[in-house]
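These notes are about the structure you will find just below.
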Amino acid sequence: MKKTSPKLGFTLIELLVVIAIIALLAGLLFPAISSAMLTAKKAKAKTVCQNIETAILAYKNEYNGKLPVVQNNYSKDNEVGTSNEQFSKNVLIVLMAIDDNNVNDNHKLNHKRIVFLETDVPTDDGTYLDPWDQQYQIILDLNGDKKVTYLSGSSDHRKSAVAVSSGRNRKWGANNSKDDDNEDNIASVELPLLD
């Protein structure tokens, strides 16, 4: 009589059960991991917005109340949106002490060449992207009334500078309400901007 040796290894059913359990656990963990990653991105964007605002205030203190832009007689402040993207890059060029031929030629706006803002990603054109690959935008009190407006139709905020990220949906809201467009915007202050 032949003796049979005991089987080594797993049966097909046992392997399928293990795979099913792993898939179930992964499905349960995915939302938690996604939520934690989103929270981390929001925290990073908020910190960067606050750093940009702090850099603008440091510039303003260093240069006797001037903002890091060519001073003109502005009748109103700038607002976030596509048209503000280049303006924001120009401000960042000055804050980063980049010698740019068009904006800060020979450091005319930052003649002391002080680096007010250091970024985690080197740039030579003022590009500074949020965690969702959108340009951080800056709103300045250009008309000198000591307040800024986040978006048309929103309340004013008593600040000389605010930095904003469009958030995960990459859209700018149209008003001061918690609508789908501005619900996830992140700024150096609490949004929506209030008196």
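Computed values, structure above
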read-out	value
Cross-chain or 6+ apart pairs with Cβ under 6 Å, the stretch 31-60 first and of a type in the set (Phe, Trp, Tyr), then surrounded by 18 or more Cβ atoms within 10 Å (Cβ to Cβ)	Tyr59/Pro68; Tyr59/Phe116
So Ile139, is it under 22 Å from Glu190 (Cβ atoms) and of a type in the set (A, V, I, L, M)	yes
Residue in the stretch 124-162 that is farthest from Thr54 (Cα to Cα), counting only those that are of a type in the set (Val, Ile, Thr) and modelled with pLDDT under 85	Thr149
Residue selected from the stretch 103-140 under the condition in a helix (DSSP H, G or I) and loosely packed, with under 15 Cβ neighbours inside 10 Å, by the criterion farthest from the chain's Cα centre (by Cα)	Asn106
Contacts under 6 angstrom Cβ, first residue in the stretch 91-106 being under 17 Å from Tyr136 (Cα atoms), partner surrounded by 17 or more Cβ atoms within 10 Å (Cβ to Cβ) and of a type in the set (Gly, Ala, Ser), 6 or more apart	Leu92/Gly126; Ile93/Gly126; Leu95/Ala55
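The values are calculated or read from the model by the stated rules, or taken from the named source; none is laboratory data. For clarity, every value in this text was computed on a predicted model and none was experimentally measured. Glycine gets a Cβ as well: all are built from the backbone with ideal geometry, and neighbour counts include every protein chain shown.
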